[in-house]
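I'd like to ask some things about the structure below.
The values are calculated or read from the model by the stated rules, or taken from the named source; none is laboratory data. Since the model is a prediction, treat every value here as computed from it, not as a measurement. As a convention, Cβ positions derive from the backbone with ideal geometry for all residues, glycine included, and neighbour counts pool all protein chains shown. Please note that ligands, DNA and RNA were not included when accessible areas were found on the heavy atoms of the full protein model with its side chains. Shrake-Rupley method; radii C 1.70, N 1.55, O 1.52, S 1.80 Å.
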Amino acid sequence: PSCGSCPTMSTNPVIISRDIFYPKLGENLDYFIVSDVMDANSNHDYRQYWHLTPGSVSFDSNKVTISPNLIIAPADKNEISNSIDNSHWISYTYGTRVNAPIVEYRKNGATESYDTVIFPFKNDQPTILINRLNVFEGANQISSDKASSLEINIDRNEDFKDYYYVSHITSLLRNFGDYQTDADLIFVRKDLVGNAKKRIIFKKGSILKENGIDIVRVAGSNIIVDSKISLASSEVKITGTLNAFRIYAPLANSVTLNGNPLNFVQDGDYITESVIILCSLNNAIIKKQDDSIYNNGEPVS
């Protein structure tokens, strides 16, 4: 309102923010998660529109949109209303137009949020079920406009279950489902049985636990961990300023930091730094690296 040339905001303004997460999982496994937060002091009628290409479109019993080569799955199926408008059109060439549907999801309230999975596919159409997980700070449950957490079940030729968490405000230590973290964003992919992690993405925090057990523990700043896990190997990419780490990566064969190879020690199912701080006394840092011991960088016996 103070920029001079901006339109005058109403007496009942809304601040809208959008986060889009694209994990780059590989062909036929990729999808997008769109998290929208609308922040206002009084009620509004919020309408979220998805403009589709020509073709038939329908909803399943969970209000999931099914259209040619695209699935749109909302998290809050019990809190939204949905409709299809087939009266609109798009033009591929000059002087022509064809009907194209628009899907609408509607909510009413003051501060509200949408979390939506957008899943493009070629031939193997997935069945998607999203469950919103409650997020807690200590014993207090917080609303989805402060932090969103989803359990995403994908049923197709290659079945898997994903867990997604994003903080919309200052990140604090929070619990959701079986997990605990202080990160800005978490993504964990498991097989359908749920006992094998296939992908871990961790953004800007210090800890991720599952059922009280460390999955990622790092020290530094602006750290992002991307770990691909298979039955034969684990590939871990770390970016940011890293001081120490302990990351679930069984059979790790490749670890990089900011694109450069990183020395590490395999400790059971975890990798840790190859430089171990033994103690700190009177500003003297004693470290063990390989089979040598250093005092402030100088070798000692």
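What distance in nm lies between label points placed 7 Å from Cα along the C-beta direction at ARG97 and SER274?
About 6.5 nm, to one decimal.
Using the Karplus curve 6.51 cos²θ - 1.76 cosθ + 1.60 with θ = phi - 60°, what ³J(HN,Hα) values do you get for each residue of the range 181-188, in whole Hz, with x for Gly and Pro?
7, 10, 7, 6, 8, 9, 9, 10
Please turn the phi angles of the range 111-117 into ³J(HN,Hα) values with the Karplus equation 6.51 cos²θ - 1.76 cosθ + 1.60 (θ = phi - 60°), one per residue in order, whole Hz, x for glycine and proline.
Going residue by residue, I get 8, 9, 8, 10, 10, 9, 9 Hz, with x marking Gly and Pro.
Which net charge results for the neighbourhood of VAL34, defined as the other residues with beta-carbon distances under 10 angstrom from its beta-carbon, given Lys and Arg at +1 and Asp and Glu at -1? Walk me through the intermediate numbers first.
Working: positive: ARG18; negative: ASP19, ASP36, ASP115.
That sum, taken over residues with Cβ under 10 Å, equals -2.
Which lysines, if any, have their Cα less than 21 Å from the Cα of LYS190, not counting same-chain residues under 8 positions apart?
List returned: LYS24, LYS161, LYS198, LYS203, LYS209, LYS228, LYS237.
VAL14: accessible area at probe 1.4 Å, nearest 10 Å²?
Rounded to the nearest 10, the figure is 40 Å².
Which aspartates and glutamates does LYS107 reach when only Cα atoms under 14 Å apart count, and residues fewer than 8 places away in its own chain are ignored?
Straight-distance partners of LYS107: ASP36, ASP39, ASP45, ASP76, GLU79, ASP115, ASP145.
Another one. Hey, what do the phi angles of the range 204-214 turn into as Karplus ³J(HN,Hα) couplings, whole Hz, using 6.51/-1.76/1.60 and θ = phi - 60°, x for Gly and Pro?
Here the 3J(HN,Hα) series is 6, x, 10, 8, 9, 10, 10, 6, x, 9, 4 Hz.
With r as the distance between the Cβ atoms of GLU151 and ASP39 and R0 = 30 Å, compute the FRET efficiency 1/(1 + (r/R0)^6) and round to 0.05.
On the way: r = 25 Å, r/R0 = 0.84.
For R0 = 30 Å, the calculated efficiency reads 0.75.
Separate question: Can you pull the semi-axes for the range 166-218, root of five times each eigenvalue of the Cα gyration tensor, sorted largest first, whole Å?
19, 11, 10
Can you sort PHE21, PHE32 by 1.4 Å-probe accessible area, starting with the largest? Show your work: numbers first, answer last.
Numbers: PHE21 20, PHE32 75 Å².
Solvent-accessible surface, decreasing: PHE32, PHE21.
Could I ask something else about it? Would you please name the trypsin sites (Lys or Arg not before Pro) within the range 15-117 that are DSSP coil residues with at most 10 other C-beta atoms within 10 Å of their C-beta? List each step's numbers first, then the result.
On the way: sites: ARG18, LYS24, ARG47, LYS63, LYS77, ARG97, ARG106, LYS107; in loops: LYS24, LYS63, LYS77, ARG97.
Filter output for the range 15-117: LYS24.
Something else: What's the magnitude of the charge dipole for the range 92-201 around its Cα centre, counting Lys and Arg as +1 and Asp and Glu as -1 at the beta-carbon? Answer in Debye, nearest 20.
The calculated dipole for the range 92-201 is roughly 240 debye.
Right, here's the next one. For SER206, which sequence-distant residues (separation of 5 or more, or a different chain) have an amide H within less than 5 Å of its own amide H, given hydrogens modelled in the peptide plane?
Here the answer is ASP182, ALA183, since their amide H atoms fall under 5 Å of that of SER206.
Over the range 40-133, what per residue volume does the convex hull of the Cα atoms give, in whole Å³? The partial results should precede the final answer.
On the way: hull volume 11.0 nm³, N = 94.
Expressed per residue, the convex hull around the Cα atoms of the range 40-133 is 118 Å³.
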